[in-house]
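Presented below is the structure to which this report refers.
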Amino acid sequence: MIKKVYIKTFGCQMNEYDSQRILSIFEESGYDKTDDPEEADFAVINTCSVREKPKEKVKSEIGRLKRYKNSNPDFKIAIAGCVAQEDGEAILKENKSVDLVIGTDGIPKLYEAISRVEKGERLAITEFYHDDFTVPIFNRNSSVSAFVTIMKGCDNFCSYCIVPYVRGREKSRHYKEILDEVKFLVDNGVREVTFLGQNVNSYGKTLDEKINFTQFLYMAAQIDGLNRIRFVTSHPKDFNNDLVDLIASERKICEYLHLPLQAGSNDILKKMNRGYTFEEYEEKIFNAKEKIKGLALSSDFIVGFPGETDEDFEQTLKAVKNIEYETIFAFKYSPRPGTKASSMQDNISDVEKANRLKKLLDAQQIITDNLLKRQIGETQEILVEGKSKKDAHVYSGRNRKNRIVNFTSEKSLQNGEIVKVKITQAKKNSLFGNLEVS
Ligand code: 5AD
Ligand code: SF4
């Protein structure tokens, strides 16, 4: 009988990509994927430790899964990702039901780990590998849009952030390997790729060949059959004008930029060790907005960082109102062990953090509503990604700004087609329209 693997993913796109790699290794080891843990032989929790909340979820997930061991003594549980990297061996000690702990760099070791665990061993793999970062090409058995990692790790050490500790030093993947992977994906039906890295603007720094992110994107844009390119995350300190010019001139690169500001106050930005002032950030944003027609922006924010005064927070609010992001992701500050900020006094109460978060998100919702309403009447280019389960004539896809657009079409459409849709309605976080028939 074929064995089955269940994978639950928390956290960022990098984790989603890693989960796809993990799944492909399980498939090569004779497993099929299942979405039902009850019928699984192996369950993998790919974890996130960027804030306390996702970390807590891991505990409850282990609790939920371990009951399957009662009905199936051979049922195995693996903890992968950032919590695995951070807590390592301790997870095995504290949770008798966990069989495997595999850190962020350990995925290539998974082939061997699976067979050892199947034989009854319990192990933790948490070393970092400092040699070149290579990832064998693997199939995603997924849709028309794929994530492709171009680098791992981070050397920025923002004072609040655990990523440099759990993902290790920054390393770029060789551009030839990445381009080969993209060509492979395109041959298998992928039309859109999102290049992933903690700081894609420093891509290439660790490679022997002289290549920077803009040059890399230009090469990727030459791949026939690839229609759309996106990338996350840009770091404002390294985001430069060459990249703006390329986005403005290269049709395949979508007019969407995720450029995390984190805070509007220069005092807080300094304490966060972000490496830019608000004024420098604003100048880059205005330059990008001016040159890239129809640019959609998004950003991350942290509220309640140690020492954040009411005035500091007001500056964040003001920044959000002035810049007009289409989307923001905002979080209450959460001290992470070992980071520089964890030694600063976490002096903002949880109630105050929650107040600030609500204020910021409420202000943003008004802006999102307005920006979406302004798109009513536009004809947008949509990459078809699926069909509505409820209505056979309603399809779903994304516009170039990465916004979900549901639309009616009398004509039958295939996933991966690029179509023109006239926007007729703005919903809370999505758009609705009708296929434009030429
Ligand atoms: N507390 C709250 N938010 C955090 N982020 C990273 N570290 C923390 C932390 N300690 C947020 C940042 C980052 C996003 C991925 O998560 O905004 O951009
Ligand atoms: Fe964390 Fe800063 Fe690196 Fe982003 S750039 S992963 S926030 S240390």
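The values are calculated or read from the model by the stated rules, or taken from the named source; none is laboratory data. Keep in mind the model is a prediction, meaning the values are calculated, not measured. Please note: Cβ atoms are built from the backbone with ideal geometry, for glycine as well, and neighbour counts cover all protein chains shown.
Here are some notes:
- Any hit, the stretch 382-397, residues being under 26 Å from Arg230 (Cβ atoms), assigned to a loop (DSSP other than H, G, I, E, B) and within 15 Å of ligand 1 (Cβ to nearest atom): no
- Among the residues of the stretch 262-280, the ones that are of a type outside the set (A, V, I, L, M), over 17 Å from Ser234 (Cβ atoms) and buried (at least 20 other Cβ atoms within 10 Å of the Cβ) come to 3 in all.
- Residue in the stretch 120-133 that is at pLDDT 95 or above, within 30 Å of Ser396 (Cβ to Cβ) and among the β-branched types (Val, Ile, Thr) present: no
- If you go through the stretch 256-270 and pick out every residue that is assigned to a helix (DSSP H, G or I) and within 13 Å of ligand 2 (Cβ to nearest atom), you end up with 1.
- Hits in the stretch 413-428 (condition: touching a residue at least 60 places away in the same chain (Cβ under 8 Å) and aliphatic (A, V, I, L, M)): Ile418
- As a summary of the residue check, Glu86 satisfies the conditions (1) among the acidic types (Asp, Glu); (2) closer than 30 Å to Phe331 by Cα; (3) assigned to a strand (DSSP E or B) except for the one numbered (3).
- The residues of the stretch 301-345 that are of a type in the set (Ser, Thr, Tyr), more than 20 Å from Pro54 (Cβ to Cβ) and under 21 Å from the mean Cα position of the chain (by Cα) amount to a single one, Tyr325.
- The residue list Phe329, Phe432, Phe407 contains one member that is within 16 Å of ligand 2 (Cβ to nearest atom) and either hydrophobic (A, V, I, L, M, F, W, C) or over 24 Å from Leu257 (Cβ atoms) (or both), which is Phe329.
- Residue that is farthest from ligand 2 (Cβ to nearest atom), among those in the stretch 335-362 that are surrounded by fewer than 20 Cβ atoms within 10 Å (Cβ to Cβ), assigned to a loop (DSSP other than H, G, I, E, B) and at negative phi: Ser349
- Any hit, the stretch 325-334, residues being without any contact (Cβ under 8 Å) to a residue 60 or more places away in the chain, farther than 30 Å from Cys158 by Cα, of a type in the set (Phe, Trp, Tyr) and outside any helix (DSSP H, G or I): no
- Applying the set (1) buried (at least 23 other Cβ atoms within 10 Å of the Cβ); (2) part of a helix (DSSP H, G or I); (3) in contact with an Asp or Glu (Cβ under 9 Å, 6 or more places away or on another chain) to Ala78 leaves exactly one unmet item: (2).
- Residue match in the stretch 24-44 (condition: within 26 Å of Pro335 (Cα to Cα), in the same structural domain as Asn72 (by TED's automatic domain parsing) and either of a type in the set (Lys, Arg) or touching a strand residue (DSSP E or B) at 6+ places or on another chain (Cβ under 8 Å) (or both)): no
- Cβ-Cβ distances below 8 Å connect the following pairs, each with a first residue in the stretch 162-184 that is on the phi > 0 side of the Ramachandran plot, a second residue that is crowded, with 20+ Cβ neighbours inside 10 Å, and a separation of six or more residues or different chains: Gly168/Thr104; Gly168/Asp105; Gly168/Lys152; Gly168/Gly153.
- Note on the stretch 290-335: among residues that are among the polar types (S, T, N, Q) and more than 21 Å from Lys271 (Cβ to Cβ), the one that is farthest from ligand 1 (Cβ to nearest atom) is Asn322.
- Qualifying positions in the stretch 7-47 - surrounded by fewer than 22 Cβ atoms within 10 Å (Cβ to Cβ), without any contact (Cβ under 8 Å) to a residue 40 or more places away in the chain and part of a loop (DSSP other than H, G, I, E, B): Cys12, Gly30, Thr34, Asp35, Asp36, Asp41
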